[in-house]
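Report on the following structure.
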Amino acid sequence: MSGVDTDRAIAKRAGGGEIVVSPEALQMGSRLDEHHAPETNGWMSVCRRCGAQTDGPDGPHIPNERQLERALQWLDAQSLSSGIDRARSQRHT
Ligand SMILES: [Zn+2]
């Protein structure tokens, strides 16, 4: 333990590395989770639908800092076309 901020959580990645997840990232991740279930290709920690990082191939969305703004714009774009894409996620596995 070396001075980790209490408002930050550390998530383990499949590769064994550690990423620091900010509260903003967790919040955005939960918004993405509500919009759709994470869709990875089964071995990469990236949702191919929104492009955000996930917590492992089977985990929830956890966009990294650089992806927060993009994820927000992505959600905005989705809501604009929400007549087509309903809130429920469309799974095509
Ligand atoms: Zn996604």
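Annotations
- Looking only at the range 18-54, residues that are of a type in the set (Asp, Glu), more than 10 Å from the ligand (Cβ to nearest atom) and closer than 22 Å to GLN73 by Cβ come to 2 in all.
- Count of the range 14-43 residues, restricted to those that are modelled with pLDDT of 95 or more, of a type in the set (Asp, Glu) and part of a helix (DSSP H, G or I), is 2.
- Matching residues in the range 44-72 - criterion: being outside any loop (DSSP other than H, G, I, E, B), of a type in the set (A, V, I, L, M) and more than 14 Å from VAL21 (Cα to Cα): VAL46, ALA71, LEU72
The values are calculated or read from the model by the stated rules, or taken from the named source; none is laboratory data. This is a predicted model, so every value here is computed, not measured. Neighbour counts run over all protein chains shown; Cβ positions are idealised from the backbone, glycine included.
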